[in-house]
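Inspection log for the structure reproduced underneath, given as structure tokens.
The values are calculated or read from the model by the stated rules, or taken from the named source; none is laboratory data. This one's a predicted model, so the numbers in the text were calculated from it and none came from an experiment. Neighbour counts are summed over all protein chains in view; Cβ atoms, including those assigned to glycine, are modelled from backbone coordinates with ideal geometry.
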């Protein structure tokens, strides 16, 4: 289910908005501001649920692959993502009692979907050379909370040209594991309403 984004005005995330969560701090300090990715919120609705589209052009943040800023959800809401074009890596982490309890990544390509479980923070990475376009369904009541990712200067791992690098601002970080995408889209999305 895709919606046309032409003639829609997106919210734009700029480099200056991202500097606090990047691996390559030296690069971030010396690079002029630019548009990083585009969020088209509220493209459709189904009752209490909202459908958004995010477009992430292929770029590098110095040594790190382009990514979203990263957020957790208010009130333990979940979220359903589908890759519409390109490739994505979803880095999903559970932070509880001042430490990472769980961390995993899911590689997804066009047509594949992932669920971000309740209580997990996440980022989307574009590891490819083509534009990534993804959609998501979530509750209209859900608010994105960026505090942890800003305080810790990103997720507990960075994805760079050299591979995965642990973020030293987290004390103990479990070994990164990889999960698979959904085999099929859920027909009933009521689990997203909380």
ask   = Somewhere in region 81-89, is a residue closer than 17 Å to residue 120 by Cα and in contact with a strand residue (DSSP E or B) (Cβ under 9 Å, 6 or more places away or on another chain)?
value = yes
ask   = Is it the case that region 100-107 has a residue that's at pLDDT 95 or above and under 19 Å from residue 55 (Cα atoms)?
value = yes
query = residue 58 is checked against (1) in a loop (DSSP other than H, G, I, E, B); (2) surrounded by 13 or more Cβ atoms within 10 Å (Cβ to Cβ); (3) touching a strand residue (DSSP E or B) at 6+ places or on another chain (Cβ under 6 Å); (4) at pLDDT 95 or above and fails just one. What number does that condition carry?
reply = (3)
task = Restricting attention to region 21-40, report how many residues are crowded, with 17+ Cβ neighbours inside 10 Å and in a helix (DSSP H, G or I).
result = 2
query = Going through region 79-99 one residue at a time, which ones are part of a loop (DSSP other than H, G, I, E, B) and either surrounded by fewer than 20 Cβ atoms within 10 Å (Cβ to Cβ) or modelled with pLDDT under 95 (or both)?
reply = 97, 98
request  = Under 7 Å between Cβ atoms, at least 6 apart or on separate chains: pull out the pairs that start in region 3-16 with a residue that is farther than 11 Å from residue 53 by Cβ and end on any residue that is assigned to a loop (DSSP other than H, G, I, E, B) and modelled with pLDDT of 95 or more.
outcome  = 13/69; 14/33; 14/34; 15/31; 15/33; 15/34; 16/33
Filtered residues of region 2-20 (kept if closer than 30 Å to residue 186 by Cβ and surrounded by 11 or more Cβ atoms within 10 Å (Cβ to Cβ)) = 2, 3, 5, 8, 10, 11, 13
request  = Tell me which residues, restricted to region 108-132, are within 12 Å of the chain's Cα centre (by Cα) and assigned to a strand (DSSP E or B).
outcome  = 114, 115, 116, 121, 122, 123, 124, 125, 132
request  = Determine, yes or no, whether residue 70 is within 14 Å of residue 121 (Cα to Cα) and at pLDDT 95 or above.
outcome  = yes
